[in-house]
1. Would you check which residues across segment 142-200 are among the basic types (Lys, Arg) and either touching a Cys at 6+ places or on another chain (Cβ under 6 Å) or in a strand (DSSP E or B) (or both) and list them?
2. How many residues does segment 268-305 hold that are over 25 Å from Tyr46 (Cβ atoms) and either of a type in the set (Asp, Glu) or assigned to a strand (DSSP E or B) (or both)?
3. Take the residues in segment 53-64 that are surrounded by fewer than 24 Cβ atoms within 10 Å (Cβ to Cβ) and under 18 Å from Asp137 (Cα atoms), then tell me which one is farthest from the chain's Cα centre (by Cα).
4. What residue, among those in segment 149-177 that are crowded, with 16+ Cβ neighbours inside 10 Å and more than 14 Å from the chain's Cα centre (by Cα), is farthest from Thr112 (Cα to Cα)?
5. I need the full set of residues from segment 261-284 which are loosely packed, with under 14 Cβ neighbours inside 10 Å and within 18 Å of Ile191 (Cα to Cα), in order please.
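A short reminder: the numbers here are calculations on the coordinates, not readings from a lab. Values in this document were obtained by computation on a predicted structure and should not be read as measured data. With ideal geometry, Cβ positions are generated from the backbone for all residues, glycine too; neighbour counts draw on all protein chains shown.
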Amino acid sequence: MLLVAMLASCGMSTKNSENGVLRTADGAPARTVAIDTMELRDPFVYFDKRENTYYMTGTGGNVWTSKNLRLWEGPYNVLQLDTTMWMGANPVIWAPEIHEFNKKFYYMATFTRPDVIIDKVAGRDIPRRSCQLFVADNIKGPYKPIQAERPLLRADQPSLDATFCSDELGAGYIIYSHEWIQNWDGTVQIIRLTDDFAKQMGEPYVMFTASQNPWSSGVDSLGNKSFCPVMDGPFLFDTDGLELGILFSTYIDGEYAVGVAYTEKNHGLNGPWHIEPEPLLRDNNGHPMMFNTFDGTLVMAVHKDTVINNRRTSVPRFIEMDDQFDKLKIKRYYKF
């Protein structure tokens, strides 16, 4: 399968990678951690064929490397923040991704600046939250901001979980979510970027919304069930059949879950998109993405929310997938 979306521990340090040499986030020696003992939310894996190495990043922004998907070395800091940017000197970093396109590497993540409030809805303060692109000549970085003067997306909307794709003409796009805490009906939407990826072109197109999902549910203050407004973590993929697909996350009966929407390939990125009537994966698994291993195996990465030592946490999880026809199916769960 050819993925249409080209392949994306907390706190950032001032010590960055230099000239393609990875450096740890805290300056200490790198450590090796087994995947089933890691704490990492929103995992994103990129396989570099030239080095036969997997690179994994996630919320917090750091990078880990592996040769076998089981043992990971890190955490490394590859991001070079500009403290004068809109997100400030100490942003919260969510859901980073790494993409290769036109012989460059792009780092895309969601940044939150808690001290800047852009809106107030239903008594909730909404902080400045948006997505930004960084670029490097090497997968190891350092990744530097493409446009430091202004955010990539609208300043008056909280946006998150951007992923990258391109069309048959080589134009670049990002697919992302307009967060539900402002519009109360989370969206998955797409916007074309300028050729230098510095800003958006035109207005975003809404691909689908949380209220169009037939299976997700929430509970209101009176205990009544209604649709769940959460819609995040989009990831575009291409089946071996005649359809394009988008993975996404939401909730069903209080559990984080993964859903899928499809459209025919000849319709293109604008769809129409149709959400499958049942979730692909439940049991507090979410924020999906997919990658191909060294032997071409298609794998979905998610995080599973769980409780370890009486503390709620998130752990990465790998699942082998089947896309031989038009619909994505789970084949097996990796057990290390």
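1. Filtering segment 142-200 down to residues among the basic types (Lys, Arg) leaves 144, 150, 154, 192, 199.
Residues satisfying the conditions are Lys144, Arg192.
2. Total satisfying the criteria: 5.
3. Step one: filter segment 53-64 for residues surrounded by fewer than 24 Cβ atoms within 10 Å (Cβ to Cβ), giving 53-54, 59-60.
Still in the list and also under 18 Å from Asp137 (Cα atoms): 53-54.
Working: Thr53: 20, Tyr54: 17 Å.
My answer is Thr53.
4. Residues of segment 149-177 that are crowded, with 16+ Cβ neighbours inside 10 Å, as a first pass: 151-153, 157-166, 172-177.
With more than 14 Å from the chain's Cα centre (by Cα) added as a condition, the list becomes 151-153, 157-158, 166, 172-173.
Working: Pro151: 12, Leu152: 14, Leu153: 13, Gln157: 12, Pro158: 9, Ser166: 26, Gly172: 24, Tyr173: 22 Å.
Ranking the qualifying residues of segment 149-177, first place goes to Ser166.
5. His267, Gly268, Asn270, Pro272
Yes/no per residue for (1) assigned to a strand (DSSP E or B); (2) over 20 Å from the mean Cα position of the chain (by Cα):
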position: Ala89; (1), (2): no, yes
position: Ile98; (1), (2): yes, no
position: Tyr106; (1), (2): yes, no
position: Thr110; (1), (2): yes, no
position: Ile117; (1), (2): yes, yes
position: Phe134; (1), (2): yes, no
